[in-house]
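Quick notes on the structure that follows.
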Amino acid sequence: MAKTHHWDVFCRVVDNYGDIGICWRLSQQLVHEHGLQVRLFIDDIVTARHLISMLNLNQTSQMVNGVEICPWPNVSVTPAQVVIATFGCELPETYSQQLAAHQSVWINLEYLSAELWVSDFHAQISPQPMLGVNKYFFFPGFFPDTGGLLRERHLLATRDAFLGTAEKQAAFWKHLGLDHLILDNAIKISLFCYPQANIRNLFAALASIEQTIHVVMPFNGDISQWSTAFADCTQIKTGASRLLLQQGKLNVHLLPFLSQVDYDHLLWACDLNFVRGEDSWIRAIWAGKPFVWQPYRQADAVHLKKMQAFLAVYAENASVEMQDLLSRASLDWSSGDPDLYSMTNPDKTLWQSLINQLPALRGYAQHRANTLAQQSDLATKLVIFSENLRNSQV
C-alpha cells in the first residue's frame with residue numbers, strides 16, 4: 001500500500017498554549033521530516049497566533065511553514081488517510097461520519113505521563129460501532145513500549161551548536177533586549193508557570209542568596225493575577241512591553257511571549273528552568289539543563305501523583321541526595337495555593353541547595369536527555385503505527 005501522505009490533526013486549545021504547542025510542533029515535523037501533507041484544525045486561532053505569529057486572523061485557511069491551518073470545525077472537508085484527535089477532543093460529527101467510507105485511521109493522541117499504566121493502554125483499540133470504525137489510543141511516554149517523546153531529528157545537535165557558540169548566545173540575549181546578561185556571570189533562570197506556583201517564596205529564597213540572579217519570565221496576560229507573587233518586589237518599568245522587578249540581588253525580567261524557537265533558545269541558555277504543562281516540560285528535558293516541572297493542577301491532587309511518577313522515572317539513576325532534592329523542590333513548587341504560603345519562614349535552604357547543586361544537576365540532565373533521545377521519537381512512532389494499521393486493512 002502507498003504511504004499515507006494525507007494527515008489531519010485536530011486541536012482544541014484547552015490549556016492556553018500547551019495543546020497548540022504540541023500540535024504545531026508535531027504537524028511541522030510530520031511535514032518536514034516525513035514528507036506528509038498535514039491539515040491542522042484549530043478551534044482558537046487567536047490564542048494560536050501567540051505561538052504561530054505568521055497566522056493571518058482574517059483568513060479562514062492558510063499555509064504556514066508547510067502546514068495547512070484551518071479553522072474548527074470545517075465540516076465540508078473530506079477526511080484524510082490518517083486522523084489525529086489530540087488530547088481526547090471530539091471530532092466534528094459530520095467529519096467523523098465519513099471516516100469509514102474513506103478507510104481513515106483514527107488515532108487519539110493522549111497527554112504525556114510517566115505513570116506505569118500508560119504502557120498497558122498504549123495502542124489499545126476502541127471500537128466505534130455507530131461509525132463503523134475503530135479508534136486507537138496513542139500514549140506518549142518515557143518507556144520504549146509507549147509512543148515516545150516529541151523530538152525533531154536534529155534538535156539536540158542544534159542545541160549543542162547553540163551552546164558551543166558564544167556568538168549565537170550573545171545574539172540571542174541581544175534579540176531579547178537582555179544583552180547586559182551576556183557580560184554578567186550571574187545565574188540565569190527561566191520561569192514559565194501557572195499562577196498557583198509558589199513564586200513568592202521562590203523569589204524570597206533567591207533574593208537571599210549572595211549572588212546575582214536573573215529570572216526571565218515570558219509573560220502574556222493580566223499581571224494582576226501575579227500580584228501576590230510579586231508583592232515583595234520593586235517594580236521598575238523599562239519599556240512598553242517589558243518590566244523589571246527587583247528584590248535584593250534578584251532581577252526578574254518580564255518579557256513578551258516568545259516564539260517556540262526563541263523559547264527553546266531560552267531553555268538552552270539558562271542554568272535552571274521552571275516549566276509547566278506538557279510542551280515546555282518536554283522541551284526542558286531536551287535542553288539538558290536542570291529544571292523543575294509544574295504539572296497542570298487537577299482535583300484530588302492527581303497532578304502530584306503524575307509529578308511523583310515522572311520523578312521516579314527521570315531520577316531513577318540519580319543519587320539518593322539528588323532524588324530527595326528534586327522531589328522536595330517539585331513538591332514545594334506545585335503543591336499549593338500561593339495565597340496560603342507563609343512568608344514568615346519560607347524554605348530558603350531548599351532553593352539555596354538547588355542552586356548549589358546546579359553543576360551536578362546539569363550533568364545528570366544532560367545524561368537523561370541523551371539517554372531518552374536513544375528511543376524513537378513520537379512523530380516517527382505515529383507514522384510507523386499508522387502505516388501498520390493501514391496495511392492491515394488491505
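Miscellaneous remarks
- Long-range neighbours under 7 Å by Cβ, at least six apart or interchain, first residue outside the structural domain of residue 254 (by TED's automatic domain parsing) within the stretch 161-177, second surrounded by 14 or more Cβ atoms within 10 Å (Cβ to Cβ) and part of a helix (DSSP H, G or I): none
- Single residue of 147, 141 found to be without any contact (Cβ under 8 Å) to a residue 40 or more places away in the chain, buried (at least 20 other Cβ atoms within 10 Å of the Cβ) and closer than 30 Å to residue 83 by Cα: 141
- Number of residues in the stretch 356-394 that are at pLDDT below 95 and aliphatic (A, V, I, L, M) equals 2.
- Residue that is surrounded by the fewest Cβ atoms within 10 Å (Cβ to Cβ) [pool: residues in the stretch 203-226 that are of a type outside the set (Val, Ile, Thr) and farther than 19 Å from residue 255 by Cα]: 210
- Condition check for residue 298: without any contact (Cβ under 8 Å) to a residue 60 or more places away in the chain and within 18 Å of the chain's Cα centre (by Cα): yes
- Count of the stretch 14-36 residues which are out of contact with any helix residue (DSSP H, G or I) (no Cβ under 8 Å at 6 or more places or on another chain), part of a loop (DSSP other than H, G, I, E, B), of a type in the set (A, V, I, L, M, F, W, C) and buried (at least 17 other Cβ atoms within 10 Å of the Cβ): 0
- The residue that is surrounded by the fewest Cβ atoms within 10 Å (Cβ to Cβ), counting only those in the stretch 292-332 that are in a loop (DSSP other than H, G, I, E, B) and charged (D, E, K, R), is 316.
- All of 141, 132 fail the test of being in contact with a Leu (Cβ under 9 Å, 6 or more places away or on another chain) and at pLDDT below 95, apart from 132.
- Only a single criterion out of (1) over 25 Å from residue 156 (Cα atoms); (2) touching a His at 6+ places or on another chain (Cβ under 7 Å) is not satisfied by residue 295, namely (1).
- Residue within the stretch 281-291 that is surrounded by fewer than 21 Cβ atoms within 10 Å (Cβ to Cβ), over 11 Å from the mean Cα position of the chain (by Cα) and at negative phi present: no
The values are calculated or read from the model by the stated rules, or taken from the named source; none is laboratory data. From a predicted model like this one, the values you see are computed outputs, not experimental measurements. Note: ideal-geometry Cβ built from the backbone for every residue, glycine included; neighbour counts use all protein chains shown.
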